[in-house]
Amino acid sequence: MRITMFRKLMAGEFGQVRAEMIAHDHVLSSLGGRTADEALEAGTEAKEVWVAVCEAFDVPENRR
């Protein structure tokens, strides 16, 4: 998954503004205590970050 697809999925699930806030501010323990943006910048695969966000926010399986 590309980062652009990750951003599109985030906006589709949470709305553009909230998606940006979540990616920038919400620390995810499953990503080593980093935010989604920090994890992506560190080279974590976008799919792994998306799954971590989905798990943290209980996104239904059919929208993952």
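The values are calculated or read from the model by the stated rules, or taken from the named source; none is laboratory data. Bear in mind that the values here come from a model prediction, so they are computed numbers and not experimental data. Note that each Cβ is placed from the backbone with ideal geometry, even for glycine, and that neighbours are counted across all protein chains shown. For accessibility, only protein heavy atoms count, side chains too; no ligands or nucleic acids. Shrake-Rupley method; radii C 1.70, N 1.55, O 1.52, S 1.80 Å.
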In nm, to one decimal, how far is the modelled label at Thr44 from the one at Ala11, with both set 7 Å along Cα→Cβ? 2.2
Return the carbon/sulfur percentage of the accessible area of the chain, one whole number, probe 1.4 Å, all protein chains in place. 50
Cα shape, the range 1-41, gyration tensor, a/c 1.5 rule: oblate
At a Förster radius of 22 Å, what calculated FRET efficiency corresponds to the Cβ-Cβ distance of Asp58 and Ser29, to the nearest 0.05? 0.90
Please list the non-local residues whose amide H lies under 5 Å from the amide H of Arg34, H modeled 1.01 Å from N, same-chain partners needing a gap of 5 or more. Leu28
The chain: calculated mean residue ellipticity at 222 nm from DSSP helix runs of at least 4, using -39500 (n - 2.57): -17500 deg cm²/dmol
May I ask you to list the chymotrypsin sites (Phe, Trp or Tyr not before Pro) in the chain that are in a DSSP loop and have at most 14 other Cβ atoms within 10 Å of their Cβ? Phe57
In degrees, nearest ten, helix 46-56 long axis to first principal axis of the chain (Cα): 70
If you roll a 1.4 Å probe over the heavy atoms of the protein chains, what accessible area per residue do you get for the chain, in Å²? 64
